[in-house]
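First up is the structure itself, then whatever we jot down about it.
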Number of protein chains: 2
Amino acid sequence: MFVLGIDPGLSRCGYGCVEHGRKPRAVAAGVIRTDPQTERPIRLAEMQQEVRALIREFEPQVVAIERVLFQHNVSTAMSVGMASGIIMAEAASAGCVVVEYSPNEVKESVAGWGGADKDEVGAMVQTLLDLPKRLSPADAADAVAVALCHLARVPARSSRAMVGRNGGTRS
Amino acid sequence: MFVLGIDPGLSRCGYGCVEHGRKPRAVAAGVIRTDPQTERPIRLAEMQQEVRALIREFEPQVVAIERVLFQHNVSTAMSVGMASGIIMAEAASAGCVVVEYSPNEVKESVAGWGGADKDEVGAMVQTLLDLPKRLSPADAADAVAVALCHLARVPARSSRAMVGRNGGTRS
């Protein structure tokens, strides 16, 4: 089973694809960027194309997205929410199971406590996936952490049960 | 030129297509609904399909969307923002010009003042488009009002200049 973790954003959207197994394995991680100088609708359309391409490439059974919280900057929160909505729609259209986790749930699951900072999350992602070095940029590591959070919460039996919804049997 | 006005929402998303001319003409108006009992990602995917079908059918040069404001219900505002983001991405992908107007701008433009209620907006939409009766439900009238707001703000010359961006010359 492949889980695509997403740390949503419009300027930088982290993604990390993790394969489920006895030990989780990182398949891909990176960041989709859009130019803040470009009009928002165009940026959202670019984001949609990139996410669609990612889902086509990795065929994840599950897309796990970090929940958007209301920050001090209302306009930023709304842009992140818009990007998040587009990713959810693309994932559901492709037949993926879509799940959301709060930032605290992700940190608690990966680093052991909800107050962990980006540095601690990055270090734990490196350890859990047995990577030679830290994932960079931090948005990519955060996205992998969302995928790991999902895997930690789903027992092997129920994650296999989910596979059927996408018709795939890659795990 | 066709302008597709959108009053965004996830449970009810109003749309209204208005043809630009000496006198604006309503081409279509209605509401896209999704079931609140269904999971949000599935609803967003349904919304995306419906909006894509609308844009294919009417080939608007401009999609005018009412801007999402932060209401008391944060969760509702986020769902409306997600739906709005999906509509913007679909419109930009189809080559439409995408514009946003605040609720106050729409009311001011159509009913003469920003504090107008739904009833006054509905009555003015009926008058401006010379309709035999009020548009129903109110979300459809609100969406038409967004399209009329755009037409009122764009002088004929600049709206013709926009036509080229979608390759269409329906007006």
On the given criteria, is A:Met82 surrounded by 24 or more Cβ atoms within 10 Å (Cβ to Cβ), more than 12 Å from the chain's Cα centre (by Cα) and modelled with pLDDT of 95 or more?
-> yes
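Do we have any residue at all in segment A:36-49 that's open to solvent by less than 20 Å² (accessible area, probe 1.4 Å) and within 19 Å of A:Ala147 (Cα to Cα)? Step through it out loud before you land on a result.
Taking segment A:36-49 first, the residues open to solvent by less than 20 Å² (accessible area, probe 1.4 Å) are A:41, A:44-45, A:47-48.
Next, from what is left, pick out any that are within 19 Å of A:Ala147 (Cα to Cα): none.
No; the residues of segment A:36-49 include none that is open to solvent by less than 20 Å² (accessible area, probe 1.4 Å) and within 19 Å of A:Ala147 (Cα to Cα).
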Just one of (1) in contact (Cβ under 8 Å) with a residue 60 or more places away in the chain; (2) in contact with a Leu (Cβ under 8 Å, 6 or more places away or on another chain) trips up A:Leu131, so point out which.
-> (2)
Looking only at segment A:130-144, count how many residues are under 16 Å from A:Glu19 (Cα atoms), in contact with a helix residue (DSSP H, G or I) (Cβ under 8 Å, 6 or more places away or on another chain) and surrounded by fewer than 20 Cβ atoms within 10 Å (Cβ to Cβ).
-> 1
Within segment A:98-108, restricting to residues that are open to solvent by 40 Å² or more (accessible area, probe 1.4 Å) and away from chain B (no Cβ under 14 Å), the one that is farthest from A:Leu69 (Cα to Cα) is A:Glu108
Considering only segment B:50-70, state which residues are part of a helix (DSSP H, G or I), hydrophobic (A, V, I, L, M, F, W, C) and open to solvent by 10 Å² or more (accessible area, probe 1.4 Å).
-> B:Ala53, B:Leu54, B:Ile55, B:Phe58
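The values are calculated or read from the model by the stated rules, or taken from the named source; none is laboratory data. As the structure is a computational prediction, the values presented were derived from the model and not from experiment. No Cβ is skipped: glycine too gets one built from the backbone with ideal geometry, and neighbour counts run over all protein chains shown. The area values use the complete protein model at the heavy-atom level, side chains included, leaving out ligands, DNA and RNA. Shrake-Rupley method; radii C 1.70, N 1.55, O 1.52, S 1.80 Å.
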